[in-house]
Amino acid sequence: MTIKPNVMRRGFSVNVFLPSGDPEGLKVIEKSNWTGHGLVIPRSMFGESKARNELERTGLYLLIGPDESTAWPKLYVGEGDPVKPRLEQHAKLKDFWTHAVVFTSKDANLNKAHVQRLESRLVGLAKAAKRCVLDNVNEPSPPSLSESDEAMAEGFLDDVLLCLPILGYSMFEMAALSLSRNDNSSFMISTKGIVAHGHDAPSGFIVFEKSQAVGESKLTPSLNKHYPYVKEQRDELIRQGVLVQSGEDYVFTMDYPFSSPSMASTIVAGRVSNGRTEWKTKDGKTLKEIQDAEITE
C-alpha cells in the first residue's frame, strides 16, 4: 500500500464480530464511517457460510493460504457479481487456500465495473509489494470508469487496505517511510564486506533500497541446515527481484519490510542473528540500547 509521507491519518475503529464465538471461526468486519462489509471465512466453514446474504452481493475476494515451496503466503485476488458462485468454483478447483476474505457493500452501490477495478488495483499492489506468491496468472486491466465512479472505487479500496493489516494480511503494503535515510533513527549493519541500512517501524524492520545482502558463498552453513525457511525467503526475494545480483553479493531494489529486526539482519548477513544488537546507529548504539533508553525515559 503506497502511503504518502507526512500525511496525517485520522483515527478509526474496526469491529470484528465472531458469530460462532470462536476466534478461529468466521469473522464479520465493519469499519467506522464505511459502507463496506467484510467476511473472513475459514475454508473448513465455507459450506455452512454459503447461506450468508453478503455472498449474494457484488464483491471483491481474496483467497489466502500457504505456498508449498516458499515461506510466503499464496494469494489469489478475484471479483464476482455475485461473489458466491466464484467462491464455490474455487472451492472445487483451487486447493491452496485456507481462508477467503470477502468485501461487499452494505448499500449495494458496488457494481461489476467497481469490483473489476478493485481486482486490478489489488493485483497490481500485490505485485509491487512483493510480499506473497501471487496465484493470478495475469494482471487484469481496469475498466473505464467515470471520474465519480473511479473516486468511489478508490475510496472503497482505501478502506479495504486499512482493514486487511488488522486482520493479519499485509501482502499489499509497501514500506512507508517519512524519514530521511540520514536520520538519526536509521540503523546499519556492516559485515562480510556488505553494508545495509534500515529503520525500525510499526510495520516491521524496513531495509532501505540499495542496501546490500551477502551472496550465497557467504551464507553460514548452519543457516541452510537448521533454518531452511530463511533460505526460502531469500530465494523468494531473489525470484521476485527484491534482491538482485551485484558482484558476489546482492542489492535491494526497493525499501522492503521484514517481520522483525532479526529476520532483516539474518537475511542481510546470511547468518542467524539478533537484530536488536546487530543493527546500530552511525555512532554505534544498538537498536536494543535505543529501545531500552526509551523505556526508561
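Among the candidates 248, 232, 236, which residue alone is buried (at least 19 other Cβ atoms within 10 Å of the Cβ) and acidic (Asp, Glu)? Unique residue meeting the criteria: 236.
The set of residues in segment 54-109 that are open to solvent by 10 Å² or more (accessible area, probe 1.4 Å), aliphatic (A, V, I, L, M) and in contact with a helix residue (DSSP H, G or I) (Cβ under 9 Å, 6 or more places away or on another chain) comprises 71, 91.
Conditions (1) touching a strand residue (DSSP E or B) at 6+ places or on another chain (Cβ under 6 Å); (2) of a type in the set (S, T, N, Q), marked per residue:
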{"residue": "161", "(1), (2)": "no, no"}
{"residue": "186", "(1), (2)": "yes, yes"}
{"residue": "191", "(1), (2)": "no, yes"}
{"residue": "203", "(1), (2)": "yes, yes"}
{"residue": "208", "(1), (2)": "yes, no"}
{"residue": "218", "(1), (2)": "no, no"}
{"residue": "231", "(1), (2)": "no, no"}
{"residue": "243", "(1), (2)": "yes, no"}
{"residue": "269", "(1), (2)": "yes, no"}
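Of all positions in segment 156-168, none carries a residue that is closer than 24 Å to residue 37 by Cβ, at pLDDT 95 or above and among the small types (Gly, Ala, Ser). Inside segment 192-229, residues that are at pLDDT below 90, open to solvent by 50 Å² or more (accessible area, probe 1.4 Å) and either among the aromatic types (Phe, Trp, Tyr) or closer than 27 Å to residue 290 by Cβ (or both) make up a count of 4. The residues in segment 119-162 that are assigned to a helix (DSSP H, G or I), in contact (Cβ under 8 Å) with a residue 24 or more places away in the chain and open to solvent by 50 Å² or more (accessible area, probe 1.4 Å) can be counted, and the count is 4.
The residue that is most open to solvent (accessible area, probe 1.4 Å), among those in segment 13-44 that are free of Cβ contacts under 8 Å to residues at least 60 places away in the same chain and closer than 19 Å to residue 153 by Cα, is 33.
The values are calculated or read from the model by the stated rules, or taken from the named source; none is laboratory data. Keep in mind the model is a prediction, meaning the values are calculated, not measured. FYI the Cβ positions are ideal-geometry reconstructions off the backbone, even for glycines, and counts take in every protein chain you see. Ligands, DNA and RNA are stripped out before the accessible areas are found, and what is left, the full protein with its side chains, is counted by its heavy atoms. Shrake-Rupley method; radii C 1.70, N 1.55, O 1.52, S 1.80 Å.
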